[in-house]
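Q: This structure is in structure tokens; I'll ask about it shortly.
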Amino acid sequence: MNEIVIFVASYVYLVSIVTFVGYFFYTKDAGRRRFLLLSIFTLPLSYLTGLLASSLYYDPRPFVVLHITPLIKHAADNGFPSDHALLMGTLAAIIMVFNKRLGIFLWVLAILVGAARVLASVHHAIDILASFGIALCATAIVYGVLKHYVFNQKSSRSVQELENTTSN
């Protein structure tokens, strides 16, 4: 059982990265542009918010608090928020905007990795949940801004052009 926990906690995040990159190459031109824009702004916002959260809240890792040896070798630093969960949650949230089924698959992987990292004693559940919350908020904020200012611009221009041609 420990080997499964170690494997999931240490390597399954790579499946999310490969899936995310693969989805980028799979999408067509307009979808690829939107996907790229959402990713370019969401990933840094998520990361920077995670850095801010870690500077505001210190949560010693479970193996430090419990004086045990973790299943995965790790520094005894701040565990809040979980970098693995933050990355996986952000990738899943971005994909979810464009492909619900694939997004759900990535969320399942993110939850499994988060649970494995808790079972490996390198994170508390709050570290994982906070990471997912940051990922969802960052994605929602960026998507809302892009939807309002960028994604609808082309359709707005098309309607205006159509109105101009019909009024002449």
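Computed from the coordinates by the stated procedures, all read-outs in this text should not be read as laboratory data. Keep in mind that what you see is a predicted model, and the values were worked out from it rather than measured. Because the Cβ atoms are built from the backbone with ideal geometry, glycine has one as well, and the counts that use them run over all protein chains shown.
Q: Rounded, prolate or oblate: which fits the chain when a ≥ b ≥ c are the square roots of the eigenvalues of the alpha-carbon gyration tensor, with rounded for a/c under 1.5 and prolate only if a/b beats b/c?
A: The shape class here is prolate.
Q: With a ≥ b ≥ c taken as the square roots of the eigenvalues of the C-alpha gyration tensor of segment 1-53, please select rounded if a/c is under 1.5 and otherwise prolate if a/b is larger than b/c or oblate if it is not?
A: On the way: a/c = 6.03, a/b = 1.44, b/c = 4.18.
Verdict is oblate for segment 1-53.
Q: Something else about it: Sorted by packing (mean other beta-carbon atoms within 10 Å per residue), highest first, where do 112-118, 72-78, 40-46, 30-36 land?
A: Numbers: 112-118: 21.9, 72-78: 12.0, 40-46: 18.7, 30-36: 14.7.
Highest to lowest by the protection proxy: 112-118, 40-46, 30-36, 72-78.
Q: Moving on. Roughly speaking, what is the stretch gain from D77 to R101, that is 0.36 nm per residue apart minus the C-alpha to C-alpha distance, in nm to one decimal? Show your work: numbers first, answer last.
A: Values: separation 24, 0.36 × 24 = 8.64 nm, distance 3.57 nm.
The D77-R101 span can extend by a further 5.1 nm.
Q: What's the angle, to the nearest 10 degrees (0 to 90), between helix 2-11's Cα axis and the longest principal axis of the chain?
A: Tilt relative to the chain: about 40 degrees.
Q: Can you compute the FRET efficiency between F7 and L66 using 1/(1 + (r/R0)^6), with r the Cβ-Cβ distance and R0 = 30 Å? Round to the nearest 0.05.
A: Details: r = 22 Å, r/R0 = 0.75.
The formula returns an efficiency of 0.85 here.
Q: What's the angle, to the nearest 10 degrees (0 to 90), between helix 100-119's Cα axis and the longest principal axis of the chain?
A: 20
Q: Count the net charge of all other residues whose Cβ sits under 14 Å from the Cβ of S10, scoring Lys and Arg as +1 and Asp and Glu as -1.
A: 0
Q: While we're here: May I ask for the angle, rounded to the nearest 10°, between helix 153-167 and the longest principal axis of the chain, with both axes built from Cα atoms and the value confined to 0 to 90°?
A: 10
Q: Just add up the charged neighbours of G79: K/R +1, D/E -1, any other residue whose Cβ is under 12 Å from the Cβ of G79.
A: -2
Q: Give me the number: length gained by fully extending A125 to L48, i.e. 0.36 nm times residue separation minus the C-alpha to C-alpha distance, one decimal in nm.
A: Once the chain is fully extended between A125 and L48, it gains 25.6 nm.
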